[in-house]
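Asker: Structure below; questions to follow.
Here, each number is a calculation from the coordinates, and none is a lab measurement. Everything quoted here is computed from the prediction, not taken from an experiment. Methodologically, a virtual Cβ is constructed for each residue, glycine included, from the backbone with ideal geometry; neighbour enumeration extends over all protein chains shown.
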Amino acid sequence: MKRIIVFLLLLNFTAYAQQHKKAIIVLTYDDALESQLDVALPQLDSLGFKATFFLMGNIGQATIPRWRQVALKGHELANHSLYHPCLLTTVKANQANNSGSYTVYMMLREIAEMNNLLFAVDGQTAPRTYAYPCTEVAVGSVNYVDSLRLAGTIKYARIGGGPDAVITDFKKLDVLQIPAWGVHAGVTGDELIAFAKKVQQSGGMGVFMFHGVGGDYITTPAAAHRQLLLYLKQHQDEIEVCTFKTGMDRVAAAGHN
Ligand SMILES: [Zn+2]
């Protein structure tokens, strides 16, 4: 009799687990901004969340020791290229960083060298993840996604997207073009939570793309950021918060790819 009860309980549990697949939320932060170190990280660490930071070559003597500590706490240091080339029509920047006059070779070399710099910072040899600067997948009008795939230097890469960028169809997913919601300046806590809820209900995956938090630019107010994190903490039974690499590994391991 006992055996039958255990068996029935197991059956019930299996049915429950299948119906309530845990959704994955990934928090990513671009451009190695100091407000991320000063504001976002203390908030993340106080709640035990691990996040992904897409760094560039402008990290230096003052910030490298801090980023090293970030890695030691279990966060992911990831690749956002060395010089962050963008179309000058999109972002006013140094003419030397105009992606319109880049070649694919220049871009791939820059990504490989940023991998080396990240190794010097955190000593990790595992394959890196990448975020396309300004979410552009082309340089000099040539799409370089497949060249990046062939180069083999990057395991997963993030593109852009709006607040509808909820990932549910993993079979159609290109691991080098994972969409993310690029949150706008002054986003509210309620807007951030609305996206998390959509992901939660879908049982899929959602990636946030932040820049400044409580400072710098494209700034998410510190209170809004904290409001999101508290929501995620309250719903940790249904939502798993993890780094971009871990989240993508989960998806791949589940045979969705
Ligand atoms: Zn960027």
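Asker: Relative to the longest principal Cα axis of the chain, at what angle does helix 189-202 sit, 0 to 90 degrees, rounded to 10?
Answerer: The angle comes out at about 60 degrees.
Asker: Sticking with this structure for a sec: Taking the Cα atoms only, what angle lies between the long axis of helix 244-253 and the longest principal axis of the chain, rounded to 10 degrees?
Answerer: 50
Asker: Among DSSP bridges having both ends in the range 114-257, what percentage is antiparallel? Round to the nearest 5.
Answerer: That works out to approximately 35 percent antiparallel.
Asker: Continuing with this model, one more query. Any chance you could give the angle, 0 to 90 degrees and rounded to 10, that helix 222-234 forms with the longest Cα principal axis of the chain?
Answerer: Roughly 30 degrees between the two axes.
Asker: Right, next: How large are Rg and Dmax for the range 63-133 when only the alpha carbon atoms are used, in Å?
Answerer: Cα-based Rg and Dmax for the range 63-133 come out at 13.6, 39 Å.
Asker: Of all beta bridges DSSP finds with both residues in the range 26-180, what is the antiparallel percent, to the nearest 5?
Answerer: 10
Asker: Still on this model: I'd like to know how the range 139-257 sits against the 2.2 N^0.38 Å rule of thumb: what's its Cα Rg over that expected value?
Answerer: For the range 139-257, the normalised Cα radius of gyration is 1.14.
Asker: Can I ask one more? Average the reciprocal distances over every distinct pair of alpha-carbons in the chain, invert the result, and give the Kirkwood radius in Å.
Answerer: Every distinct Cα pair counted, the radius reaches 19.1 Å.
Asker: Determine the principal axes of the Cα atoms in the range 97-158, then give the extent along each, sorted from largest to smallest and rounded to whole angstroms.
Answerer: 34, 21, 18
Asker: Still on this structure, I have one more. Give me the distance in nm between label points sitting 7 Å out from Cα along the Cα-to-Cβ direction at GLN236 and ASN143, one decimal.
Answerer: 4.1
Asker: Need the full-extension length gain, ASP216 to LYS172, defined as separation in residues times 0.36 nm minus the C-alpha distance. One decimal, nm.
Answerer: Length gained between ASP216 and LYS172: 12.3 nm.
Asker: Please compute the Cα-Cα pair-distance distribution of the range 55-191 with 10 Å bins starting at 0, giving whole percents from short to long.
Answerer: Going out from 0 Å in 10 Å bins, the range 55-191 shows 11, 37, 37, 14, 0 percent.
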